[in-house]
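The values are calculated or read from the model by the stated rules, or taken from the named source; none is laboratory data. All values derive from a computational prediction rather than experimental measurement. No Cβ is skipped: glycine too gets one built from the backbone with ideal geometry, and neighbour counts run over all protein chains shown. Quick note on the areas: whole protein, heavy atoms, side chains included, nothing else; ligands and nucleic acids left out. Shrake-Rupley method; radii C 1.70, N 1.55, O 1.52, S 1.80 Å.
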Amino acid sequence: MREPADEILRQIREGTYRCTADGPFGRAVEEAREQARWGDTDAAWRTLRAALPEWLPLGPDHLAPVGLCADLLISPLITPERGRELLATPRAGQQGDAPPPAADLDPPGLAWLAEGDPGNFLVSYRFLLVEGVEPTELPGRIGADDSAVLDEPTTLWDSRTRVHQMWEDEALTAVGRAGPGWSFAFEPQSGRGFNEGRFVSPGTAASRGTRAVTVWSEPSHGDRPGVVHLSVAERGEERYAFTVRGAAVSRRGTVPVALDPDGLFPQDEPHEERLGERRVLEALAAEFGDRLPRLALERGRLHTFRTRSWSRPPSPGEGFVMIDIGWQQP
């Protein structure tokens, strides 16, 4: 028994452990892992919960499928409330009433992004929504080069270390499903401020044969006004776009009434409360039926890939300065 135990401990240390089980519960674990790696964590938990009565312990001292807590895709699903539900659910061959199901954790839609605590790394973000395209197809549409592929699932926090090449603004995005028929690519705290004059939306390339929505948000900070950008492309062409920077609004194309920035950002409203940003996100969810998975983005593990640059190269005669700041050990 010592060698199998040592092997399991090694896998846990290296982050490669996968929970496995026999029978219907084992099949449910595999299905839940597949759902979790694309961001549908509530569905993953419901899959596990439905199969818990089929779990077979290895012996009388085996009280729960604790391997779930060591599986890096499954463990973020198990909150204290869900853990208590897991322990209280009767196992195969046992009698008793099942406990009330714990509530889903992900809020609907997109507006939860505007509720971020100023210290939360999701307080600033940019993302792309693409209709009718699987997450696995996104690198082929907007990857940094022809060899772009999805990396192994990781947390957004761990994925934030990246190197920019001079003017390029490639995003290291997490991907998943954004509701029925939509996929997303999401990056928190891009590290580059939004520059409308140099911005190139990846949504144009992503929208070949379909539709794509691009959003970039930066909250206000001190004297620097906040920025909210939205653009929608269809079949390789931008249909409409707007950018709100403080009280200034610019737009291109015919923006639908439901997304008109004049109605979403009243001039007499304090911008630091992010109310206009919330209205944009609510209107987007109502218009396209999209959602983003909070639990997966905050604590889960998702596949990532590096996109093409979100900025154009400098024009002839246009200056560009890049400064790197780092720590050096004495």
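Screening the candidates G226, G253, G236, G222 for the property of being under 26 Å from the mean Cα position of the chain (by Cα) and on the phi > 0 side of the Ramachandran plot yields one hit, G236. In the range 302-312, the condition of being hydrophobic (A, V, I, L, M, F, W, C), under 22 Å from N195 (Cα atoms), in contact with a strand residue (DSSP E or B) (Cβ under 7 Å, 6 or more places away or on another chain) and open to solvent by less than 30 Å² (accessible area, probe 1.4 Å) is met by at least one residue. Of all residues in the range 156-196, those being within 18 Å of P139 (Cβ to Cβ) and at pLDDT 80 or above number 17.
Total residues in the range 63-110 satisfying the condition of being buried (at least 16 other Cβ atoms within 10 Å of the Cβ), among the small types (G, A, S) and not in a helix (DSSP H, G or I): the figure is 2.
Among the conditions (1) assigned to a loop (DSSP other than H, G, I, E, B); (2) in contact (Cβ under 8 Å) with a residue 12 or more places away in the chain, L58 misses just one, which is (2). Scanning the range 200-237 for residues being crowded, with 19+ Cβ neighbours inside 10 Å and assigned to a strand (DSSP E or B) gives a total of 15.
Scanning the range 96-121 for residues that are within 14 Å of R274 (Cα to Cα), modelled with pLDDT of 80 or more and within 15 Å of the chain's Cα centre (by Cα) yields L110, A111, W112, L113, A114.
Filtering the range 240-255 to residues that are surrounded by 12 or more Cβ atoms within 10 Å (Cβ to Cβ) and of a type outside the set (K, R) leaves Y240, A241, F242, T243, V244, G246, V249, S250, G253, V255. Sub-6 Å Cβ pairs linking a first residue in the range 287-306 that is farther than 17 Å from D106 by Cβ and touching a residue at least 12 places away in the same chain (Cβ under 8 Å) to a second residue that is of a type in the set (A, V, I, L, M, F, W, C) and outside any loop (DSSP other than H, G, I, E, B), at least 6 apart or interchain, are E287/A258; H303/V175; T304/L172; T304/A174; R306/L172, ordered by first then second residue. Among the numbered conditions (1) at pLDDT 95 or above; (2) surrounded by fewer than 21 Cβ atoms within 10 Å (Cβ to Cβ), the only one that F127 does not meet is (2). Out of the residues in the range 269-315 that are under 15 Å from the mean Cα position of the chain (by Cα) and assigned to a strand (DSSP E or B), which is nearest to S231 (Cα to Cα)? The qualifying residue nearest to S231 (Cα to Cα) is T307. Residue count for the range 251-265 satisfying the condition of being part of a loop (DSSP other than H, G, I, E, B) and of a type outside the set (D, E, K, R): 4.
Being at pLDDT below 80 and charged (D, E, K, R) holds for only one residue in E272, E287, and it is E272.
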